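Asks: Before I ask anything, here is the structure I am working with.
The values are calculated or read from the model by the stated rules, or taken from the named source; none is laboratory data. The structure presented is a predicted model; accordingly, all values stated were derived computationally and were not measured. Ideal geometry is used to build each Cβ from the backbone, glycine not excepted, and the neighbour counts take in all protein chains shown.
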Amino acid sequence: MARAYSEDLRKKVISHIMSGCSKREAAKVFKIGEATVYNWLRLYKAGSLQAKRRTDYPRKVDEQKLRDYVKQNPDHTLKQIGQALDLKFQNVATWRLNKG
């Protein structure tokens, strides 16, 4: 997963816009999306440019635990596997069982 842009970069972009540059030009200069510029302006007007905290969920599935579970329950859906292993559904859906 991509990391959030630094607060320093966010401040530079806002400063660039406040000095008279257009939002579109700022996006081009700093090589970021226009939507990102608009989001940062909204955050700036609200009083903070800090990135939102990411949800805390496991980044990886314990491979052996998953293999054992699938071996014992080969007919379960991804959702059932995720619930049984206490994982968020998107973690299970994107995990691929390596053959070999």
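Asks: For segment 17-30, state whether one or more residues are over 30 Å from A84 (Cβ atoms), modelled with pLDDT of 95 or more and among the acidic types (D, E).
Replies: The answer is yes; a qualifying residue exists.
Asks: Could I ask something else about it? Test each condition in (1) surrounded by fewer than 10 Cβ atoms within 10 Å (Cβ to Cβ); (2) not in a helix (DSSP H, G or I) for A51 and report the one that comes out false.
Replies: (1)
Asks: Do you know which of the residues in segment 67-100 that are among the basic types (K, R) and surrounded by 11 or more Cβ atoms within 10 Å (Cβ to Cβ) is modelled with the lowest pLDDT?
Replies: My answer is K88.
Asks: Mind listing whichever residues of segment 40-66 are closer than 30 Å to F30 by Cβ and modelled with pLDDT of 80 or more?
Replies: W40, L41, R42, L43, Y44, K45, A46, G47, S48, L49, Q50, A51
Asks: Could I ask something else about it? Could you give every pair whose Cβ atoms fall below 9 Å, whose first residue belongs to segment 6-18 and is surrounded by 14 or more Cβ atoms within 10 Å (Cβ to Cβ), and whose second residue is outside any helix (DSSP H, G or I), counting only separations of at least 6 or pairs across chains?
Replies: That search, which allows pairs on different chains as well, returns L9/I32; R10/L49; R10/Q50; R10/A51; V13/Y5; V13/I32; I14/L49.
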